[in-house]
Amino acid sequence: MKKCLATILAGILVLALVAGCSSTPQSSSKEPAKESQASQASQAPASQAPAAQAKDTYRVAYIARAQADSFAAWLANAIRDEAAKYDNIKLDVFDGEANDEKENSLIENAITNKYDLIIVQPNNGEAQRPYVEKILQAGIFAITTNARIDNIPGSSSVDANPYEQAAVNARLALEQIPQNAKVVVLNGPSGNFHADARRESWQKEFFDKRPDVTIVGEQIANWNKDEAMKYMEDWVQSNDQIDAVISMNDNMAAGALEVVKDNPKFDNLLVYGVDGTAEALLLIKEGRMTATCMQSAYDLATLLLDTANKLLTGQEKEINVDIDNPLITKDNVDQYIEILKKAGAL
Amino acid sequence: MKQLGLKWQQFRKKYNIYLVLIVLFLICSVINPNFLSITNLSNISRQLAVTTILAFGATILIIGGMLDLSAGSVLALSGVLSVSCYKSTESLLLSFLVGVAVGIFCNLINAVMVASFHTPPFIATLAMLTMARGAALLYTKGQNILQLGNYVVFGQGSIFGIPTPIIFLVLILIITWYTLRHTRFGRSMYAIGGNEETAIASGISVKKMKYIAYAINGAFVGLSGVLFMSRVNAGLPNGAVNYEFQALTAAIIGGTSFSGGIGTASGTLAGAFIVGFLDNIMNLAGVDSYVQQIVRGAIIALAVIYDIGIKNHWKPLSKVSKAAS
């Protein structure tokens, strides 16, 4: 019986391994080709811009930063769905696993595989910059997104503006947060472009203008709900008064709220986030969270595919666009809940 | 004589860990008056419950000369499957059992690799780490599962005023302590970790014992998955990353030796609380995030230096390198 079980389990394991391997044979088998391609590309003049060629179907590669982070996963799903609407575009999605090394080699592989257009969601903009330049040198269209990599001539970009996303919240907070308030701040991972830009925005748009407000706690909770909960539990212990939670994303804001949800002392707590996740919208609807800024993966996906289509069919040569940064409060949350419901996310 | 030395050494080690814990507790109480409040202490216990339960599983495995690096990922997989079971059936009992069963299943695969195919546990469970995380992400498409309703009772509820995670923590502590101290399985773990050849020679069914060890670890991991998701009130497929290392940290600070054969449940509990008190007091005192990471690392380094130092103290230097290898 035990042997039988062991054999079955082993069988499942082998199957899983085989399945896992079969999805990436191209990337490993073309390793040597990549080298020569890369060296050729670097000899080509840097100004060589990709040119549109008429084709029935264009092959597009989307190199995601990571599919283990919920926003990146949402974006990857949205891009897949959006691509399905285009008959002339065939999309492949690759997972950078939040690793610069991995993401860069995926970009190299995509160049080797001669995709017509490569969309890069950088894990770390500066680390991917030379690889995006390689894409262009190989005569392939490049789009950077969430976050864009600036100042690469010939590349296009579709993004939200992280400074503005936090700023719409901060401007509201200027009016809402009481005099001499005590606030806590939850930050994203240090060095992350969006995390840093959102924090900088809160500094310039709010803290610099409100010297009366004291930060009684500030920690990096890495975008995570569970880490944010832990910090909030400790802050609630060490502070008699907390008037507001300023969080750089919705996950962490939701974590802070989870801690005080049954505590009447915090009924009037002001909580600000960014992203517009389903959870945050529901919390705003219930009146527990104050505001967030919608960073819509659907809008990003729509614009990305539209941009890709225009580049590939030769309508334009370079496009740089931003999605809107709508502020969501109790007054307008219903319309966004509708959007998520339609998309099946709620 | 040798045995007496060994016992004394273990006693001293145990004693020292508790001394550290008590001193730390006193320092924390002096530094910040909020530290001693019942709510704060109950917070610390609730925050620690998940990683400490994982640490008990890790302790059993490390004593037996094994390891589980897949704990965090398997926790996430068990948790999201349990949550999704609750969402479709609304049955607390069933969803709880699903969580535990998934944990056991994944760890039986670990056991097949380790015990039947003699793969080094480090590699085998590293493979499981990626597979389980992949499965959790695939199943949820990387999206959080929301609106858990009554499911939160596991992680946020309380019985007679005692928070449920603490009840589970105490329960698992007793199970681990009893298993290690008073069962044939427990004794054979020490024997296998101490010297596997000798254990085989003395008639212990090593393979069977390793299967049992991974199964127990799996049940603990599955339970942790249920507690974790319930506490955060969401099914997070990307949750609990690196929790295996927090569990290992607690076990090692608590005196469990990586060379196998040494370790106790109560030591691991003390190890977990040393880390927990430190984290808590640093947050209460508003210590910078980066500094916290450095302090946490320094504590691990000190614990390992201490672990080796104890061996140095009791054996001539020439034998230390042999013992370490």
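Bear in mind these aren't lab numbers, they're just calculated from the coordinates by the rules spelled out. Model, not experiment: these values are computed from the prediction. All Cβ positions, even for glycine, are placed from backbone atoms using ideal geometry, and neighbour counts span all protein chains on display.
Data table
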| quantity | calculated |
| --- | --- |
| Rounded to 10°, Cα long-axis angle of helix A:100-112 versus longest principal axis of chain A | 30 degrees |
| Shape parameters for the stretch A:197-271, alpha-carbon atoms, Rg then Dmax in Å | 12.2, 34 |
| Positive-pole candidate from B:LEU67, A:ALA301, A:ALA84, dipole of the protein assembly as shown, charges at beta carbon | B:LEU67 |
| Centroid-to-centroid separation of the stretch A:62-140 and the stretch B:88-105 [C-alpha atoms, Å] | 37 Å |
| Label-point gap, in nm, between B:LEU126 and A:LYS341 - each point 7 angstrom along Cα→Cβ | 4.9 nm |
| Cα-only radius of gyration and Dmax that characterise the stretch A:118-237, units Å | 18.1, 59 |
| Lys, Arg +1 and Asp, Glu -1 on Cβ, resulting dipole of the stretch A:73-164 about Cα centre, debye, nearest 20 | 260 debye |
| Computed label-point distance, nm, for sites A:ARG171 and B:ARG181 using a 7 Å Cα→Cβ extension | 6.5 nm |
| Binned Cα-Cα distance frequencies in chain B - 20 Å width, integer % | 32, 58, 10, 0 |
| On Cα atoms only, tilt of A:2-22 relative to the major axis of chain A in degrees | 70 degrees |
| Max mean-square fluctuation residue, GNM over chain B, Cα-Cα springs under 10 Å, options B:LEU302, B:LEU93, B:LEU48 | B:LEU93 |
| Relative contact order computed over chain A (Cα-Cα under 8 Å; 6+ residues apart), in percent | 16 percent |
| Partner chain coverage, peptide A:68-80 - average Cβ within 10 angstrom | 3 |
| In the stretch B:125-163, chymotrypsin sites (Phe, Trp or Tyr not before Pro) in a DSSP loop with at most 12 other beta-carbon atoms within 10 Å | B:PHE160 |
| Cross-link pairs A:LYS285/A:LYS342; A:LYS114/A:LYS341; A:LYS341/B:LYS87; A:LYS90/B:LYS141 - those with Cα-Cα distance over 29 Å | A:LYS114/A:LYS341 |
| Three-way shape label, chain A, alpha-carbon gyration tensor, a/c 1.5 | prolate |
| Tensor-based shape of the stretch A:170-235 (alpha-carbon gyration tensor, a/c under 1.5 rounded, otherwise prolate or oblate) | oblate |
| Neighbouring partner chain Cβ atoms per residue of B:237-243, average, 10 Å criterion | 4 |
| Least to most buried among A:LEU136, B:LEU75, B:LEU92, B:LEU129 (fewest other Cβ within 10 Å first) | B:LEU92, B:LEU129, A:LEU136, B:LEU75 |
| At most 16 other Cβ within 10 Å, DSSP loop - trypsin sites (Lys or Arg not before Pro), the stretch A:132-237 | A:LYS209 |
| Most positive-pole-ward Cα, B:ALA132, B:TYR151, B:PHE25, against dipole of chain B from beta carbon charges | B:PHE25 |
| Span-rule helices in chain B, defined as complete DSSP H runs reaching 20 Å or more along the axis (Cα) with Kyte mean at least 0.0 | B:2-31, B:38-63, B:71-89, B:92-111, B:121-140, B:164-182, B:206-232, B:265-284, B:289-314 |
| Percentage relative contact order, chain B, counting C-alpha pairs under 8 Å, at least six apart | 32 percent |
| Helix axis angle, A:162-176 relative to chain A longest principal axis, alpha carbon, degrees | 10 degrees |
| Cβ-placed point charges (K, R +1; D, E -1), dipole of the protein assembly as shown about Cα centre in debye, nearest 20 | 3380 debye |
| Shielding by partners - mean other protein chain Cβ count within 10 Å, residues of A:229-235 | 6 |
| Unit charges on C-beta of K, R, D, E only; dipole of the stretch B:42-241, Debye | 100 debye |
| DSSP-defined antiparallel bridges as percent of all bridges, the protein assembly as shown, nearest 5 | 10 percent |
| Estimated distance in nm for a label pair at A:ASP324 and A:LYS204, the labels positioned 7 Å out from Cα along Cα-to-Cβ | 2.4 nm |
| Helix-only mean residue ellipticity at 222 nm for the protein assembly as shown, each DSSP H run of n ≥ 4 adding -39500 (n - 2.57), per residue, nearest 500 | -20000 deg cm²/dmol |
| For the protein assembly as shown: span of alpha carbons on each principal axis (Å, largest first) | 87, 64, 52 |
| Options A:GLY154, B:VAL241, A:GLN121, ranked by Cα towards positive dipole end of the protein assembly as shown, top entry (Cβ charges) | B:VAL241 |
